Amino acid sequence: MKVPLLDLGTQLESFRDDIVAAVTKVVDSTTYIQGPEVVSLEEEVASYCGTNHAVGVSSGTDALLVSLMALGIGPGDRVLTTPYSFFATMGVILRCGALPVFADIDLLSYNINPQAMEEILAADKEKSIKAILPVHLYGQCADMGAILALAEQYGVPVIEDAAQAIGAEYPDPSSGKWKKSGALGLAGCFSFFPSKNLGGIGDGGMVVTNDTAFADLLRMLRNHGAEPKYYHTRIGGNFRLDPIQATVLRIKLQHLEQWHGDRRKNAARYGELFSRTALVQDKRVILPTPVYHEQAVAAGGSKNYHIYNQYIIRVSDRDALMEWLRSHDIGCEIYYPLALHEQECLQGLMDIDTFPNAEKAARSTLALPIYPELTPAMQEYVVEKIVAFHMR
Ligand SMILES: *Cc1c(COP(=O)(O)O)cnc(C)c1O
C-alpha cells in the first residue's frame, strides 16, 4: 500500500470543474490585480473568523511581515516568539531589522510556554519587546488566555501566527466564548500555501483583525504604502493577493469545516489504533495531545479545538523510523529538524540561549499522514508499520 503524506489530487477531483470555471472567469474578466474576487474572499474569511476585517496578502510570510511593519517594528526592537516554528516566523522579525527573543515551548502542545514568556517580559526593563508573536503550531492554538493576559499586563500587542491554524478555536478569556484563531490578538495571520488546511493553487495569505485603523494601515502597506495612488506616506511593499488565488480559495473555503472534521476524525482513529498497541503506554510513541487550557475547562470542559494541519508523534529513534516508513511507501516529514535559534543565519546576530524543549522536539517529532481523504485502511497500515519498526 502507498500512503502519501498529503494527497491534493484526490481532493481536487470533487471540485476541479468549479475551480477551472472560476479561474476561467477571472482570466476572461481581465482584472488581474485586486478586484471583486479578493474583496469577496476577504468578506468571507472575516465572517468565518468572526472578525471585522480581513486583508488579503501575497503569502503567510507577507501577512506576518506587513503586520510587523504596520506596528512599526524596526532596528533596536525585539519580538517575543517561539523557538520552534517554520522559519518565516523568525524571518519576518529579522527582515524588519528587529531581533527575536525566544521563550521555550511546552512539550505537550509544542507551543510557546507563557511562564517562560513572563520571565522574559519581566526582565525587559528597557521595554525593547514591541510585539508578541505566538504560533498556533500544527493547528492547535497556543495558550492564548495566558498570553493575552501577559500582553495586557506589559502593554505589548499580539500578532498571531495562525498560518497552520485557520479555523482552530480557543475560548476567549474575557467572555469564555469560543473564538477562531486570528480573532484573539490584535491581528492574526493565515497562509494559503497549498499544504495548509485551506490552500490555494499557489501562494497567498491573509491578515484578520477587529481593529479598523490597523486594517486600513495593512491595506495601504500591502500596496506600497500608497494613499492615494502614487503618494507614499509609509514604505510598504507589493503584498497583494492574486484574484486567481482568491477565486479558488472561495470555493475551497466552503469545504473547510468538513475537512477539519475529517482530519479530527482521522486523529481520533490514530489514537484508537495506537491504543491497541503497547507503544503509547510504554511512551515509545507520544501522540499529539489536545491540551486542556484552564479557560477551556472553565468554558465547559471542552478541549482546545485542534484542526490537525499536522499529526505529530514523538519517538526517540525518529530518523530511523522515518527511513523505515518511507521504505514502506508511507509519507512522513520532520517539521522542523532545527529549532529557530539553531539556524545558521542567526548566528553572530545576537546572544543565543539554549531552549531544551524546542531542541528535543526538533530531534524527536515526526508528521504522519492526516489529510481528510486518508482511509481507515491506510491508517491501519501506518500504525502496523510503526509497530513493526519497534518489533524489528
Ligand atoms: C506556512 C507557514 C508560514 C508561512 O506561510 P507562507 O504562505 O508559506 O509564506 C508562516 N508560519 C508558519 C507557522 C507556517 O506554517
* To do: Place the peptides 35-48, 184-197, 91-104, 118-131 in order of packing, highest mean first, counting for every residue the other Cβ atoms within 10 Å and averaging per peptide.
  => 184-197, 91-104, 35-48, 118-131
* Structure fact -> Beyond 22 Å (Cα-Cα) in this structure, taken from 283/360; 180/252; 229/252; 196/385, we find 229/252; 196/385
* To do: For the range 124-268, just the Cα atoms, rotate onto the principal axes and tell me the three extents in Å, largest first.
  => 51, 44, 24
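Given a Förster distance of 45 angstrom, what is the FRET efficiency for residue 338 paired with residue 30, based on the Cβ-Cβ distance and rounded to 0.05? Don't skip to the end; give the middle numbers.
Details: r = 45 Å, r/R0 = 1.00.
With a Förster radius of 45 Å, E is 0.50.
What translational D, rounded to a whole number of µm²/s, comes out for the range 256-390 from Stokes-Einstein when the hydrodynamic radius is the Kirkwood one over Cα pairs, at 10 °C and 1.306 mPa s?
Taking Rh from Cα pairs, D becomes 96 µm²/s.
Taking only C-alpha pairs under 8 Å that are 6+ residues apart, what is the relative contact order of the chain in percent?
On the way: 788 pairs, mean separation 86.7, N = 392.
Computed value for the chain: 22 percent relative contact order.
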* So, in Å, what gap is there between the alpha-carbon centers of the range 151-190 and the range 47-109? -> 13
* To do: Using every pair of alpha-carbon atoms in the chain, split the distances into 10 Å bins beginning at 0 and state the percent of pairs per bin, rounded to integers.
  => 5, 23, 32, 26, 12, 2, 0
* Asked: Packing-wise, with mean Cβ within 10 Å as the measure, how do 380-390, 206-216, 318-328 rank, highest first?
  -> 206-216, 380-390, 318-328
* Asked: What is the spin-label model distance, in nm, from residue 152 to residue 269 if the labels are put 7 Å beyond Cα along the C-beta direction?
  -> 4.2
* Structure fact -> Under the Karplus relation with 6.51, -1.76 and 1.60 and θ = phi - 60°, whole-Hz ³J(HN,Hα) for the range 349-359, x at Gly and Pro, equal 7, 7, 5, 10, 7, 9, 10, x, 5, 4, 5
* HN-Hα J in Hz across the range 384-392 - Karplus 6.51, -1.76, 1.60, θ = phi - 60°, x for Gly and Pro -> 4, 6, 5, 5, 4, 4, 6, 9, 6
* **the range 59-71 - phi-based ³J(HN,Hα) in whole Hz, Karplus 6.51/-1.76/1.60, Gly and Pro as x** => 6, x, 4, 5, 4, 5, 4, 5, 5, 5, 4, 5, 6
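Sum -39500 (n - 2.57) across every DSSP H segment of at least 4 residues in the chain, then divide by the residue count to get the 222 nm mean residue ellipticity, nearest 500. Let's see the in-between values first.
Working: 14 runs with 155 residues, N = 392.
Helix-only estimate at 222 nm: -12000 deg cm²/dmol.
Read the figures in this text as sums done on the coordinates, not as results from a lab. Keep in mind that this is a model prediction, so the values were computed, not measured. Glycine gets a Cβ as well: all are built from the backbone with ideal geometry, and neighbour counts include every protein chain shown.
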